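Novice: Quick one: this structure, given as structure tokens, is what I'll be asking you about.
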Amino acid sequence: ETVLEDNFYHELTYHLVWEPNSTTIWSDLCNRVVYVYICDALAAPLWILDAQGNPMPGARHLCTVTANLSGLYSELTLQYGLDGRQYYSIVYYVLVALGGTELSARIRWYQGGVPYEGPATIIPDAFTR
């Protein structure tokens, strides 16, 4: 059995990618939603959800995290894939506090190599059923 300290945060990495002519970049950043799952099984499954979107045995929905990432819009730069196709990409991190008596979350991103953090709203699973 593992006991987590009160200040323990688990960091989840997310990558968003858009085609250059995408019309959803702004709304995707303003209304970011992340579904966080945990696995109680001794051996974690390769995939957390099955093909129908249901949690695999031993996995369960922990919470939903929402945040406004519109501040990252200025960080979008046109990139090129190995096949020469153009795309925009953003990387951000969701930090979920798993120690202590209540869930909390933060959003982390980097601008020019400098880390920034901002608030996130966390909705526990009990309120999403």
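Coordinate-derived values only; no laboratory data. Keep in mind the model is a prediction, meaning the values are calculated, not measured. Because the Cβ atoms are built from the backbone with ideal geometry, glycine has one as well, and the counts that use them run over all protein chains shown.
Novice: Under the definition of Cα pairs under 8 Å and six or more residues apart, what whole-number percent is the relative contact order of the chain?
Specialist: Taking the mean separation of contacting Cα pairs over the length of the chain, I get 31 percent.
Novice: In µm²/s, what is D for the chain at 37 °C and 0.692 mPa s, where D = kT/(6 pi eta Rh) by Stokes-Einstein and Rh is the Kirkwood radius from Cα pairs?
Specialist: Reported coefficient: 198 µm²/s.
Novice: Sticking with this structure for a sec: Which whole-number percentage describes the relative contact order of region 37-101, with Cα contacts under 8 Å and a sequence gap of 6 or more?
Specialist: 21
Novice: Oh, and also: Could you give me the percent of Cα pairs per 5 Å distance bin for region 19-91, shortest bin first, beginning at zero and ending with the bin that holds the maximum distance?
Specialist: 3, 13, 17, 14, 12, 16, 16, 8, 2
Novice: Under a point spin-label approximation (7 Å from Cα along Cα-to-Cβ), what is the residue 31-residue 78 distance to one decimal in nm?
Specialist: With each label point 7 Å from Cα toward Cβ, the separation is 2.8 nm.
Novice: Can I ask one more? Just grab the label-to-label distance for residue 11 and residue 116, each label 7 Å out from Cα along the Cβ direction, in nm (one decimal).
Specialist: Result: 1.8 nm between the two label points.
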